[in-house]
Amino acid sequence: MSILVDQDTRLIVQGITGRDGSFHARQMLNYGTKVVGGVTPGKGGQTFEGLPVFETVREAVKETSANATVIYVPAKFAAAAAMEAIEEGLPLVVCITEGIPVLDMVEVYHAAKRKGCVLIGPNCPGVISPGKSKVGIMPGPIHKPGRAGVISRSGTLTYEIVNALTVRGVGQSTCIGVGGDPIVGAGFLDLLPMFEQDDETDAVVLVGEIGGDEEERAAVLIKERISKPVFAYIVGQTAPEGKRMGHAGAIVSGGAGTAESKIKAFTEAGVPVAKTIDDLADTVAKR
Amino acid sequence: MKIHEYQAKELFREYGIPAPPQALAITPDEVQTAAERYGGTVAVKAQVHVGGRGKAGGIQVVKSPAEARAAGEKILGMEIKGITVKKVIVVESHAEILKEAYLGVILDRGEKGISFICSPEGGVDIEEVAERTPDKILKFTATSSEFPEEKARAHAGRLFDDEATAEPVLEIMRGLFHLFREKDCSLAEINPLVQNDRGEVMALDGKINFDDNALFRQPDIEALRDPDEEDPDEIEAKEAGLSFVSLDGDIGCMVNGAGLAMATMDIIQHYGGRPANFLDVGGSSSPEKVVKAFELLTRNPNVRSILINIFGGITRCDDIANGILESRRRIDLDIPIVIRLSGTNADKGLEMLKDASLITAETLAEAVQKAIALAKGEDA
């Protein structure tokens, strides 16, 4: 099965004619993702790699029966693009764009909740179910079909970890980068139960970082409701207080959101926390 | 982005939140003049972004212009947590304070909304109050752009435990909420919010942080930025599209991606070394960005070795290699460099660098251990 995306995912690309959108649309097509069209206001009627480009999400969904969208629209317009897709009733919206004003995301988040839409991102690498569908910007070849689920707040760190798993023969059911912003759509709390339900996932790798308390809440959820083994890795132990570490959401403030607090929460919930990336991959491989 | 207390209070006034009269001063003369103008008791307060001003002696309440001048002489130029005080404000302080409360509005990641934090315990560190007496913290959340009128009304009278203050507190809550939304804040805090013997409710101190992502649509806020308060290297990095934070170790780091950069720092520490910085060169890194990154790393006199860790995805390792070669041409480098390239075009990148006398490593763990050895002056 895998979660969120698979061979039945019919994807549209918002911002398909832009620099990032066009590059990654080609990459996704090459991977085998069923990209069925794109949306760029002002360029409706054009084609991209033989695919139709539409003015609006509404037209695109009507003409292509798309059931998911991925957004590569610049930060100033990305929240509106996400809102358009959510209002149109698409069940999965993946927003790659970095730098969206956080208060705009508060509105988008609650709109998605109201509509029952799964929002992934923003500021994320996307979602991949290896061998089935890739929706995002992650390098395809490092992934390998298998039975480990991966949820991460990071981009390149996720690639590094997935690669470490793959070279040890551990394939993945679905890998999700949830995004590095303070307000993102689906998080650990939403995705862990999905992996728990998925009969093609045997174990979950959870990659957290400083800032917020999502990891602490996830630890409680795991203890109470997740029966599959979970392996955690937390970055940012060396980060100074009050400094934003690249990701807008990666900041320790007022003593809250520290790596220590997250590691402690997982340890108390019986979730092993790896010291290094190799340590993490070795532990999962030996399972 | 952070601003000073005096700037926060000017924004408060714009949004109908009363604050006592204040004057900015950069010399003891100006402090004295302002104190003469207000007469009577004034407070002289250091304007720096770091907390703990009171404990450091950066806030003094004085009763005459001569004392104010003396306070100005002492505070201007003092160091608070490594920042030199260049500005103070002189605040008219005639009214007697009866009660001090706390009122803050934050971007609430857990609730995915805008939360009000209120407490009848003001003038102290709110995190300490939350730790010591959590029942003294009241919280309510707005999850839309509407001011949560009913919830605010229910809490307004509780701040000073006095119904007479409910209306003015409600007005202040409304102002603070609109300020937060319209100016794209991530934190807007009044601490303390005071009730004085004239029956007024006022903001005696204020702190506002802004969402960096939204500064493109807040030019008037961007204009409040104080370059004296920011690390010049961090500003330069930001202008070049890099994310950089100075640390106090001796291993310079250049990594693509924030999460991987943090992981690299942590692994350095795990093996007993100390990172000199956080540096994310970002995705699709152009050679120019790499050159700028080298400039930043080599400017730090503490750096004894450099570790480059790239996992190519969108970032192509050959672009990084080009940047390294260009940097070698432009910058005189005698610091040993350990490089680990993986992912997109890694082989091509390594081939390009084979004559550049770099130390290569296959894995991150190997690269980290080599960089640590070199920083200690040992062979890799």
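The numbers here are math on the coordinates, done by the rules we state, and not lab data. Given the structure is predicted, the values throughout are model-derived calculations rather than measurements. A quick note on method: Cβ atoms are made from the backbone with ideal geometry, for glycine too, and the neighbour counts reach across all protein chains shown.
Miscellaneous remarks
- Hits among aspartates and glutamates - C-alpha to C-alpha of B:K86 under 13 Å, sequence gap 8 or more where chains match: B:E30, B:E73, B:D226, B:D228, B:E229
- Computed helical MRE - 222 nm, chain B, DSSP H runs ≥ 4 contributing -39500 (n - 2.57), nearest 500: -10500 deg cm²/dmol
- Expressed in units of 2.2 N^0.38 Å, where N is the residue count, the Cα radius of gyration of the stretch A:51-115 is 1.07.
- Intensity falloff of the stretch A:139-286 expressed as log10 I(q)/I(0), Debye formula with alpha-carbon point scatterers, at q = 0.10, 0.11 Å⁻¹: -0.30, -0.37
- Of all DSSP beta bridges in the protein assembly as shown, antiparallel share, percent nearest 5: 55
- Karplus-derived HN-Hα couplings along the stretch A:146-163 (A = 6.51, B = -1.76, C = 1.60, θ = phi - 60°), whole Hz, x at Gly and Pro: x, 10, 9, x, 10, 10, 8, 8, 10, x, 4, 4, 5, 4, 4, 6, 4, 4
- Cross-link reach is defined here as a Cα-Cα straight distance under 15 Å, omitting same-chain residues fewer than 8 places apart; for A:K132 the aspartates and glutamates meeting it are A:D6, A:D8, A:E200.
- Across B:K45/B:K207; B:K2/B:K207; B:K9/B:K74; A:K243/B:K81; A:K223/A:K264; B:K112/B:K139, pairs whose alpha-carbon gap is larger than 19 Å: B:K9/B:K74
- Dipole magnitude (debye, nearest 20) for the stretch B:187-257, charges at Cβ of Lys, Arg, Asp, Glu: 400
- Theoretical FRET efficiency, 1/(1+(r/R0)^6), r = Cβ-Cβ of B:E288 and B:D231, R0 25 Å, to 0.05: 0.70
- About its Cα centre, chain A has a charge dipole of approximately 360 debye under the convention of +1 per Lys or Arg Cβ and -1 per Asp or Glu Cβ, with nothing else charged.
- An ellipsoid equivalent to chain B, defined through the eigenvalues of its Cα gyration tensor, has semi-axes of 49, 25, 17 Å when rounded to whole angstrom and sorted largest first.
- A Gaussian network model of chain B, with springs between Cα atoms under 10 Å, assigns the largest mean-square fluctuation among B:A142, B:A356, B:A203 to B:A356.
- Two-decimal log10 I(q)/I(0) for the stretch A:45-158, as the Debye equation yields it once each C-alpha is a single scatterer, q = 0.10, 0.23 Å⁻¹: -0.32, -1.37
- Think of chain B as a dipole: +1 on every Lys or Arg Cβ, -1 on every Asp or Glu Cβ, centred on the Cα centre; then among B:A261, B:A214, B:I337, B:I337 lies furthest on the positive end.
- When the stretch A:139-286 is described by a simple charge dipole with +1 on each Lys and Arg Cβ and -1 on each Asp and Glu Cβ, the residue from A:A218, A:G169, A:L191 located farthest towards its positive end is A:G169.
- Cross-link partners of A:K113 among aspartates and glutamates (Cα-Cα below 17 Å; sequence separation of 8 or more within a chain): A:E84, A:E87, A:E88, A:D104, A:D190, B:D108, B:E111
- With helices as the sole contributors, chain A gives -11000 deg cm²/dmol at 222 nm; each DSSP H run of n ≥ 4 counts as -39500 (n - 2.57), and the sum is divided by every residue.
- Taking chain B as a Gaussian network of alpha-carbon nodes connected by springs under 10 Å, the highest mean-square fluctuation of the residues B:F177, B:F311, B:F147 belongs to B:F311.
- Taking all Cα-Cα distances within the protein assembly as shown, those exceeding 34 Å account for 49%.
- Cα gyration tensor of chain A - equivalent ellipsoid semi-axes, whole Å, descending: 31, 21, 16
- Residue with peak Gaussian network fluctuation, chain A [Cα springs, cutoff 10 Å], from A:S65, A:S154, A:S129: A:S65
- For the protein assembly as shown, the dipole from Cβ point charges (+1 on Lys and Arg, -1 on Asp and Glu) about the Cα centre works out to 1220 debye, to the nearest 20.
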